[in-house]
Every structure is written in structure tokens, then in C-alpha cells.
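Participant: Below: one structure in C-alpha cells.
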Amino acid sequence: MSGSLRDDITALKGVGKVRAEQFSKLGLHTVADLLYFYPRAYRNYADIFTLRNAPDGKVCVKAHLLSDAKLIQTNGGTTVVRASATDGTDMVSLIWFNNKFVTADMKRGREMLFYGEIKTNGNGGFEMISPDYCTPEKGGYYHPVYRCTEGLTSKITASCVKKALDGYADLLPETFPVRLIGKYKIPDIKTAVKYIHFPKNDAELTNARRRLIFEELLVLSLGLMLAKNNGKTVTPFTVKHNYSDDFFSRLPFVPTNAQKRAVAECTSDMQSGKAMRRLIQGDVGSGKTAVAAAVIYNTVRNGMQAALMAPTEVLARQHKKTFDAFFAGTDIKTELLTGSTSAKEKSRIKKSLADGSVDVVIGTHAVITEDVAFKSLGLAVTDEQHRFGVRQRTSLSEKSANPHVLVMSATPIPRTLSLVVYGDLDISVLDEKPAGRKEIKTIRITSDKRERMFGFMKKELDAGRQCFIVCPLAEEKSEDYDLSQNGTEQKTPSLASSEKYYREISNGEFKNYKTALLHGKMTPRKKDEIMARFASGEIRLLVCTVVVEVGIDVPNATVMAVENAERFGLSQLHQLRGRCGRGNENSCCILISDSPSETSEQRFDIMCKTNDGFKIAEEDLKLRGPGDFFGERQSVIPELKIADLMTDSRILYAAKKEADGILTADPALSSTEHALIKREVRKLFTNIN
């Protein structure tokens, strides 16, 4: 055998320049690319059923054509091809739309395999709509279905893959440690790649998938663990004395066991002599701020400085106020540094940070500007971390010589995803809510009930409380929402813009109340000003977009209404809901939607039944898949070719266990046995040596 897996795809017979350009649109340039281009689905031509015993779903039947196919041109321009066939037990009508080429294959007396869904027609007989088909000699195995592009069908790709397997399969390198192949009784790489493309039965497909998924998740786990270990280098900032109990005794409430556990985990990290890299993940209202304050308290009491970066000025001010209350009666000095801090104050604060007279700085992006320096920054904290880019988070920790890093997230993520999304961090989960925190009642209404909702909100406002109304759009568009429309008559609900909505209700239903508009297209200064006025109670009703999702704490807000709720993900709706119910009054979230979608109904049902963010995240993951959970962090997580984090969690846990064992025995993957898998890790993680 000659050649290399790195050969251009044109090395395969029948693949010329045009075909190569089509493959390049799918990111396939070499023979190796094609061999590792796994099918997205399969048509089972291995198991053949009769028309009468076929189960529900798509199946394969063998039948003789009773007549030549007939081509019919409808008045609307649609081409319909009809034929009939029998398998000896019954007859079936075969129908194809806009596929006139079928007529060349459908000839009387010919035996064919038909793959598709068998349904009963109005006359009590069977029919198959647009079935796939092939000759019997091409049956006996699963036909792969690949992602396609213009001019490149799944059948063409399958033909090219066969040629690649015939000429290059023996060159596939065995990256998987040989001992694991025996331990888990999985096929070698050549067999696995052959079976993943052209399995003859379910067992071959299952074994191939198990092997390739395990390998992919093992490589991923090794890379993430190495990245985590690379970050855990020796640090000069060590916590020598634990002041956690002293801090807890100062709190005006009893911390939950989850909070105590998280603080203990952080303290243990910071006592180890290596830099902490930890995520505090908790649901809305689980008490992440108190945990961060406890860790900061320990840091300062051990002679170091701490910095906390928040995504908005309002949230930064909120943290400053909370920390000042927690640290009251101590000599801990805190400062607020934001974009609106005066030049004179900025100069004073920066000087104090540099000489060490300020212990804690709380701020926005202003804390990572080049001219901010610290005397001894021992802890870098990032709040609402999903709002920051990787570079911004890194910039804060680079303000010192390997400080401890703590990130906080109020976006619950299912455990399976957490292992990957935050694979380079240790995770502490706050799975309890403080005593006394009230549940938020959630209801779904249609737009024809909006007037009743307005009446309810007025009662809340008259009682001295505050309300939110969230819209999906910031500015008006041609198909904008009309509050006068009866939503039940709209087949496709138009989208509410906050600008038009605000203008209508501030001059109409709520003209006697102090209302305001807030959306992401406003200047940062304007947004912070409005949120500050709302937080202070001056503004009673806030019409806004999802910009309000981040961290604003207004205990007096009792109603969160969301227009076009079908436009938001479950986790996002849960975050929005968490902006109310932070005080002592009963609160509610109202989801307004006229969507007839079954998926929307499922999502609303989940929202109305539970306030548990982790349960909601699990359901959101099932409905939408993992992509939406990654956000900007997806840029540092490799794309998975075959593994599915929703269904392959057991293999993921096994892969992580094996990765841990491999790195314990061979921390740098320097042995001959691990040389090839190390190469795969480097392909995915360019920052690993």
C-alpha cells in the first residue's frame, strides 16, 4: 500500500477538482478527513420486514414492482411519481414528489429494497412516501447518511468513503492504549472506522460507536485535565490561617451547608500551595456572594489583596454595598472602581492598590486596565463569568504572579456538561437555598389576558412594589407588536420591541406610574443610571430586554412579565424569573405567549412546575442540545465529532476515570504507549505541551 492519510482527497479515484471543492465546503480536504467524517444517521437495510409485520418507524421491505412507475404533472407544477409493489403478503403504493429520475429504476417485475415509513392509506392499504431504495445485492448492511452540501449527496460520499477504506484503512494509527482495548473489549481503530461507516448489524455499529466515543471523550478529558494541571502551579499566595468561622459568625443569617462546604473547598485549595482554579456554581438566590465574601475575607486576613470583577456597574455597586455590610466592624478596606469613577478617584484608588492600603477592589472592566497594579493580589474573582470573554477573565488573574482564581456563575449547568464546559476548573455546587427564600409562582397566559395582567401589576405598584416587563427586541421593526391585537387571532405572533411597548404603556395604561426603558443598545452609562434608579425605587416599572438578566438585586420587585416567552431558552427564562422574588413578598413570573408550538408548551410546563434551576437546565439540554450552554466558552472547548454529552454521560465518566489514572501514572504522557494519544490531545488543545 502506498500513500499517506494526509494525501489530498483527489488521490481517490473519481474525485476531481469539482468534487474536491464540494468536499472542502464540509471541511474535508484529505483522505483522513473523509475517513473520520462519521455518518449522522443510518438506513437499516440489514433487517427486512414484511408489510404486515413491520413495526412503527422507518423500515426496509423487499418487494416486486407490479407496474412501471407513472409520472404525473400536477396543475401546481409538482411532479409526482407513482408505482405499486408486492412483497407476497400485501401490496404497497409508492409515491415520490419532484423526483422524476425514479422512473428509470421502477420497472415492472423488478425486485427492490424500499426503506421508509409504512403507513395505511384511506383505502385500508399500505403506502410509502418518498422511500429510499436500492437493489437487493446492496442490502445486508446499514447505509450511512452523511451531512451534504450542494452537488454532494450522501450516496456519493459513501462511495468515496468506501474507496478510502479500501486503499488507506491499514494506515489508520492505533491511538488508543492497547491495554484499554482489551479491558473494555472494544474494536481496534481499523475495525471501528470500517464499522462506523458500513455496519452490517446493530452490534457492529454499537461496538464501533462505543470505541470512537470512548476515545474522543478520553482525549477530551486528558486535555482538560492537563489544562487544569497546567493552571495549578505553585503560588506565593497561601492561606496559612482559616478565618471562615470568624466570617460566618458575622453574618446576619445562618449559612447553608452548601455554602460552608464551598468555602471549605476554596480554603483547602488555597492552603495547598498551588493556585486555586475553582467555579462556584449555584442557582439564583443560592448565596454565591456570601461564599465569595468569605473567601475574600480569608484572603485579606492572610495579608493578601482581592479583586472582584462584575459585568455591570450596578452589579459592582451592589457587591460593594453587600461586602461593606459583611465586613462592617473590621479594618478591611474596600473600593469601587468603574468606568464612571472620576479621574481623581481612579488615581487615588490605583495608588492605594499599588501600595497595599486597599484590601479589596470591586469593579467592572476598569479593574483590568493596564495602569491598575496591585501590591499583593492573592485572589481574582469573576462574577457572572459567562458575560466575560476568556481574555478578560485571564487579564484579571495576570495582574499578579499566579493568584488564586474564583469564578461565579448563576447559570445552572447539568453535571454532564459541567465536566466539559468547566473541565479546566474544580467545581463547587451550591445546591441549597437559604432558609426563608420564597418560591416564585410562574404562570403562562395568552396575549388576550394582557389587560388582566396590567390590572394585577397596578395593584402591586399601588402597594408600593415594583415590576419588570421583558421584551425580546430593543427597537421597532416593520412587523412590530401591536398591543391592540388579539393574540388569539395571530397565526404567527409578532415580536414585542421594548421601545414601542414602553411608549404605549407609559402614555396609556401606566401613565400615572414612574416607568422607564432599558435595553442593550443604550450607552453603558445610561444603562447603569436606569438600573440604579430602579434599584433605588425611584422607577417603579421597568420595560426592558434581557439586559436585565445579569444580577440586579431589587428585593422590592415582585412581578416579572415576559412577552413572547417562546423566544427565550428555559435557562434564560429562569434567570429572568430570578430578578424578582428576592424580598419578603410573594412574587410571580408571567409568561405571555400565543405560540402554538408543542415545544413551547413543553417548556412553559417545565417553567410552571419547578423553580429548580438544575432541573430546568437538564430539561433545556434535552430540548435544545448542549450548544446553547457553552456561550463564549465554546471557543475553548473542542467540537465533538461523535460523542453526545446528553446520551453518552456514562462513557464520559468512565473516560474521565481512565484519564485520571493515565495522568497519575504518566503526568506528561511521555511514555511510548501514550505517544499517539498525546498527539491527539495536542490537536485539540494547542496550548498543551
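The values are calculated or read from the model by the stated rules, or taken from the named source; none is laboratory data. Being a predicted model, the structure only gives us computed values, none of them experimental. Please note: Cβ atoms are built from the backbone with ideal geometry, for glycine as well, and neighbour counts cover all protein chains shown. All accessible areas refer to the heavy atoms of the entire protein, side chains included, with ligands and DNA or RNA removed. Shrake-Rupley method; radii C 1.70, N 1.55, O 1.52, S 1.80 Å.
Participant: About its Cα centre, what dipole magnitude does the chain give when the only charges are +1 on Lys and Arg Cβ and -1 on Asp and Glu Cβ, stated in debye to the nearest 20?
Facilitator: My answer is approximately 700 debye.
Participant: Separate question: Taking R0 as 22 Å, what's the FRET efficiency between residue 459 and residue 437 from their Cβ-Cβ distance, rounded to 0.05? Before the final figure, lay out each step's value.
Facilitator: Working: r = 24 Å, r/R0 = 1.07.
With a Förster radius of 22 Å, E is 0.40.
Participant: Just need the relative contact order of segment 1-122 here, percent rounded to a whole number, with Cα pairs under 8 Å and 6+ apart.
Facilitator: That works out to 22 percent.
Participant: First measure r as the distance between the Cβ atoms of residue 609 and residue 446, then evaluate 1/(1 + (r/R0)^6) with R0 = 22 Å and state the FRET efficiency to the nearest 0.05.
Facilitator: 0.70
Participant: Kirkwood Rh over alpha-carbon pairs of segment 21-171, then Stokes-Einstein at 25 °C and 0.890 mPa s: what D in µm² s⁻¹, rounded to an integer?
Facilitator: For the chosen part, D equals 144 µm²/s.
Participant: Starting from the Cα coordinates of segment 285-361, work out the convex hull volume and express it per residue in Å³.
Facilitator: 90
Participant: Using a cut-off of 14 Å between beta-carbons, work out the net charge of the residues near residue 666 (Lys and Arg +1, Asp and Glu -1, residue 666 not included).
Facilitator: Computed value for this residue: -1.
Participant: Excluding same-chain residues fewer than 8 positions from residue 350, which lysines have a Cα within less than 29 Å of its Cα?
Facilitator: Once the sequence-local lysines are set aside, what remains near residue 350 is 232, 240, 274, 288, 320, 321, 333, 375, 399, 526, 527.
Participant: Taking segment 117-182, how much of its Cα-Cα pair set, in percent, is spaced more than 12 angstrom apart?
Facilitator: Working: 1743 of 2145 pairs.
Tail of P(r) above 12 Å: 81 percent of Cα pairs.
Participant: Rounded to two decimal places and with Rh computed the Kirkwood way over Cα pairs, what is Rg over Rh for segment 176-309?
Facilitator: Rg/Rh: 1.24.
Participant: Now a separate question. Is any residue of segment 295-336 close enough, with backbone N under 19 Å, to a label point placed 7 angstrom from the Cα of residue 260 along the Cα-Cβ axis, and if so, which?
Facilitator: Those under the cut-off are 295-298.
Participant: Need one number: nm distance between label points at residue 90 and residue 188, each 7 Å from Cα along Cα→Cβ, rounded to one decimal.
Facilitator: Once both label points are built, they end up 4.8 nm from each other.
Participant: Out of all DSSP beta bridges in the chain, what portion is antiparallel? Express it as a percent rounded to 5.
Facilitator: The answer is about 35 percent antiparallel.
Participant: Something else now. Across the Cα atoms of segment 45-125, what radius of gyration and what greatest pairwise Cα-Cα distance (Dmax) are found, in Å?
Facilitator: Cα only, segment 45-125: 12.9, 40 Å (Rg, Dmax).
Participant: Just to be sure I follow: if Rg is taken over the C-alpha atoms of segment 1-88 and Rh is the Kirkwood radius over the same atoms, what is Rg/Rh? Could the numbers behind the result be given before it?
Facilitator: Details: Rg = 20.7 Å, Rh = 17.6 Å.
With Rg and the Kirkwood Rh in hand, the quotient comes to 1.18.
Participant: Further question on the same structure: Which trypsin sites (Lys or Arg not before Pro) in segment 156-192 sit in a loop by DSSP (not H, G, I, E or B) and have at most 16 other Cβ atoms within 10 Å of their own Cβ? Working shown, then result.
Facilitator: On the way: sites: 162, 163, 179, 183, 185, 190; in loops: 185.
Counting only loop positions with at most 16 other Cβ atoms within 10 Å, the trypsin sites (Lys or Arg not before Pro) in segment 156-192 are 185.
Participant: Continuing with this model, one more query. What is the pair-distance distribution P(r) of the chain, computed from all Cα-Cα distances in 20 Å bins starting at 0, with each bin given as a whole percent?
Facilitator: The distribution over the chain is 15, 37, 34, 13, 1, given as percents.
Participant: OK, next. At a Cα cut-off below 16 Å, give the aspartates and glutamates reachable from residue 62, other chains included and same-chain residues fewer than 8 away excluded.
Facilitator: Those aspartates and glutamates meeting the cut-off are 47, 87, 90, 105, 111, 117, 127, 132, 137.
Participant: Carbon-plus-sulfur fraction of the accessible area of segment 213-349, 1.4 Å probe, in percent?
Facilitator: Looking at segment 213-349 in its full context, I get 51 percent from C and S.
Participant: Compute the distance in nm between two label points, each set 7 Å from the Cα along the Cα-to-Cβ direction, one at residue 229 and one at residue 64.
Facilitator: A separation of 6.7 nm, rounded to one decimal place.
Participant: Pop a pseudo-label 7 angstrom from the Cα along the beta-carbon direction at both residue 504 and residue 673 and give the gap in nm to one decimal.
Facilitator: 6.9
Participant: For residue 523 and residue 321, what does the FRET efficiency come to when R0 = 25 Å and r is the distance between their Cβ atoms, rounded to the nearest 0.05?
Facilitator: The value I calculate is 0.60.
Participant: Run the numbers for residue 108 and residue 74: contour at 0.36 nm per residue of separation, minus the present Cα-Cα distance, in nm.
Facilitator: Difference between extended and current length: 9.9 nm.
Participant: By how many nm would the segment from residue 343 to residue 24 lengthen if fully extended, with 0.36 nm per residue of separation less the alpha-carbon distance?
Facilitator: Extra length available between residue 343 and residue 24 comes to 109.5 nm.
Participant: Same structure again: Can you give me the three principal axis dimensions of segment 172-241 from its C-alpha atoms, in Å, biggest first?
Facilitator: 63, 20, 20
Participant: Sequence gap at least 6, Cα distance under 8 Å: using those rules, report the relative contact order of the chain to the nearest whole percent. Please list the in-between numbers first.
Facilitator: Working: 1254 pairs, mean separation 84.7, N = 689.
Result for the chain is 12 percent.
Participant: Let me ask another. For residue 369 and residue 533, calculate 0.36 nm times their separation in residues minus their Cα-Cα distance, and state this gained length in nm to one decimal.
Facilitator: Residue separation times 0.36 nm, minus the Cα-Cα distance, leaves 56.3 nm.
Participant: Assigning unit charges at the beta carbon (Lys, Arg +1; Asp, Glu -1) and nothing else, what dipole magnitude in debye, to the nearest 20, does segment 174-326 show about its Cα centre?
Facilitator: Roughly 220 debye, rounded to the nearest 20.
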